[in-house]
Amino acid sequence: MTNIPILLDRLCYRYPSMLVDAITEQEPGRRIVAVKNVTVNEEFFQGHFPGTPLMPGVLMLESLSQVAAILLLEREGRPPDARVYLRGVNDAKFRRQVVPGDRLRLEITLGRRRALLARAQAVAYVGDQIVAEAELLLGLVSDRTEIDPTALVDPRAVVGPGTRIGPHAIVGPHVRIGAGCRIGASSVIEGWTEIGDETEIYPFASIGQVPQDLKFRGEETQLLIGRRNIFREFVTIHRGT
């Protein structure tokens, strides 16, 4: 069974929300069909447009890109721990408006491909009517990031390529970790913390926790750590210090 949220985490620079509800058909490495139920409570309808909710064309392309990423990530011969980039959109056409209550059927067929590059024909339907279509150009890259299964990494955190996060480490939602870092076992990184590339944090270190200053009332304070630093065991760095 396809695990949609896990696969979509491998799609770089995607829209924050999943725009795929279910996979209905799949020929691995060749073709996939998915659905997206368009509901009135979608956040983008609040501004597009007040009183006349329409699904933006760019988000229809985003839905198709997410489905195409799932197809690519489940094909044989992909790079290990691959991530998908949308490299280009060709000949995009929008045939009719999509409104709350519509059910998008998203069909992707892979075309010409190389080891790290693929073209996909993408078509979105409502019923039997085509509402959008385009050719998608997608790139694949190998991601050497390693996160231990016991680590608690908030899905909103940003973790750079090649970074390794050890067992039982905790990484909060506002944390940004650069490339090639080493985060030790049972370390904690919280708060609005940004860590530069190639930084090593030893086990049991604590960074970005609430300061001990009694005047602190929970306000946002940013902690920036440059690249190539080393933080030893049991070090504690509070916000704003």
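What is the one condition in (1) surrounded by 11 or more Cβ atoms within 10 Å (Cβ to Cβ); (2) on the phi < 0 side of the Ramachandran plot; (3) at pLDDT below 85 that N3 does not satisfy?
Result: N3 fails condition (1) only.
Checking the conditions here, which among L140, L117, L104 is more than 29 Å from E198 (Cα to Cα), open to solvent by less than 60 Å² (accessible area, probe 1.4 Å), in contact (Cβ under 8 Å) with a residue 24 or more places away in the chain and of a type in the set (A, V, I, L, M, F, W, C)? Reasoning before the result, please.
Details: L140 fails: more than 29 Å from E198 (Cα to Cα); L117 fails: more than 29 Å from E198 (Cα to Cα).
Being more than 29 Å from E198 (Cα to Cα), open to solvent by less than 60 Å² (accessible area, probe 1.4 Å), in contact (Cβ under 8 Å) with a residue 24 or more places away in the chain and of a type in the set (A, V, I, L, M, F, W, C) holds for just one of L140, L117, L104, which is L104.
Search the stretch 211-229 for residues being modelled with pLDDT of 65 or more and open to solvent by 80 Å² or more (accessible area, probe 1.4 Å), and hand back the single one that is farthest from the chain's Cα centre (by Cα).
R228
Taking the stretch 25-44, which residues are open to solvent by less than 20 Å² (accessible area, probe 1.4 Å) and either among the aliphatic types (A, V, I, L, M) or modelled with pLDDT of 90 or more (or both)?
I32, V33, A34, V35, K36, V38, listed by residue number.
If S17 meets every condition in (1) of a type in the set (G, A, S); (2) open to solvent by 30 Å² or more (accessible area, probe 1.4 Å); (3) at pLDDT 85 or above apart from one, which number is that one?
Looking at each condition in turn, S17 falls short on (3).
Among the residues of the stretch 45-74, write down those that are open to solvent by 50 Å² or more (accessible area, probe 1.4 Å) and farther than 21 Å from G101 by Cα.
Of everything in the stretch 45-74, just one residue is open to solvent by 50 Å² or more (accessible area, probe 1.4 Å) and farther than 21 Å from G101 by Cα, namely E74.
I'd like to know if the stretch 95-109 contains one or more residues that are outside any strand (DSSP E or B), modelled with pLDDT under 90 and closer than 18 Å to S17 by Cβ. Spell out how you get there, then give the answer.
Kept after step one, since they are outside any strand (DSSP E or B), are these residues of the stretch 95-109: 95-102.
Add one more test, that the residue is modelled with pLDDT under 90, and what stays is none.
Scanning the stretch 95-109 turns up no residue that is outside any strand (DSSP E or B), modelled with pLDDT under 90 and closer than 18 Å to S17 by Cβ.
The values are calculated or read from the model by the stated rules, or taken from the named source; none is laboratory data. As the structure is a prediction and not an experimental result, all values here were calculated from the model. All Cβ positions, even for glycine, are placed from backbone atoms using ideal geometry, and neighbour counts span all protein chains on display. The accessibility values were calculated without ligands, DNA or RNA, using every heavy atom of the protein model including side chains. Shrake-Rupley method; radii C 1.70, N 1.55, O 1.52, S 1.80 Å.
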